[in-house]
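To start, the structure itself, in structure tokens.
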């Protein structure tokens, strides 16, 4: 009878302590949250842009999705529609989130048409449309790391993530487990195809969530100094 009594309390103690021990085991890892790699630095600011409706903004102190709609934004509206449905609608409530879309010098009228089309489904408080001459557009684009170029109309379907400190974010190593196991040469992901829905819903949205988590943890004082910078890796290669 006594043995049965002690056995009962022993089992209860184990059941109580196991979750506590498990939580204590996890606690040190709360400071080791994932971070999104820095793949570019010192991105050119928006000072050379003219924003429509006087709705101006900057990269600094914001988490920006940057797109280039070119000289004919209406022709490239699929890019904007995908960003609206798959990115803007998901993240517009997050602190300091914004989208900036840049058109060519004489594209103000077409940018406004794109904006009005997007407005049919919801507000665009955190989406800024701007235009600039080719030189200014190239200065911003060339400050980004990209495996792609702007076409002759200053358009690309690639969109970029710029953080609050003018760093470009992405993936230094975008290989999957099978590619790593098969020793495929390292390749990165510096931008995201706005026409490819699977890439936006998968990789891009995952990366944006990681970046917001990173900033949220920093606000809590859980700073992770292990953010990988591609510039550091390139420096080590030399």
### Query
With respect to residue 116, is the statement that it is under 22 Å from the mean Cα position of the chain (by Cα), surrounded by fewer than 16 Cβ atoms within 10 Å (Cβ to Cβ) and within 30 Å of residue 134 (Cβ to Cβ) true?
no
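Somewhere in segment 65-75, is a residue assigned to a helix (DSSP H, G or I) and touching a strand residue (DSSP E or B) at 6+ places or on another chain (Cβ under 8 Å)? If you could, list the steps in order and put the result at the bottom.
So in segment 65-75, the residues assigned to a helix (DSSP H, G or I) come out as none.
No - not one qualifying residue is present in segment 65-75.
Would you point out which residue out of 153, 191, 198 is over 22 Å from residue 229 (Cβ atoms) and in contact with a strand residue (DSSP E or B) (Cβ under 9 Å, 6 or more places away or on another chain)?
Values: 191 fails: over 22 Å from residue 229 (Cβ atoms); 198 fails: in contact with a strand residue (DSSP E or B) (Cβ under 9 Å, 6 or more places away or on another chain).
Of 153, 191, 198, the one residue that is over 22 Å from residue 229 (Cβ atoms) and in contact with a strand residue (DSSP E or B) (Cβ under 9 Å, 6 or more places away or on another chain) is 153.
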### Task
Residue by residue through segment 189-238, note down the ones that are touching a helix residue (DSSP H, G or I) at 6+ places or on another chain (Cβ under 8 Å), modelled with pLDDT under 95 and closer than 23 Å to residue 149 by Cα.
none
### Task
Among the residues of segment 143-157, write down those that are in contact (Cβ under 8 Å) with a residue 60 or more places away in the chain and at negative phi.
143, 144, 145, 150, 151, 153, 155, 156, 157
### Checklist (1) over 17 Å from residue 56 (Cβ atoms); (2) in contact with a helix residue (DSSP H, G or I) (Cβ under 9 Å, 6 or more places away or on another chain) applied to residue 127, failing item
(1)
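The values are calculated or read from the model by the stated rules, or taken from the named source; none is laboratory data. Because the structure is a prediction, the values reported are computed rather than measured. Positions of Cβ are backbone-derived with ideal geometry, glycine not excepted, and every protein chain shown enters the neighbour counts.
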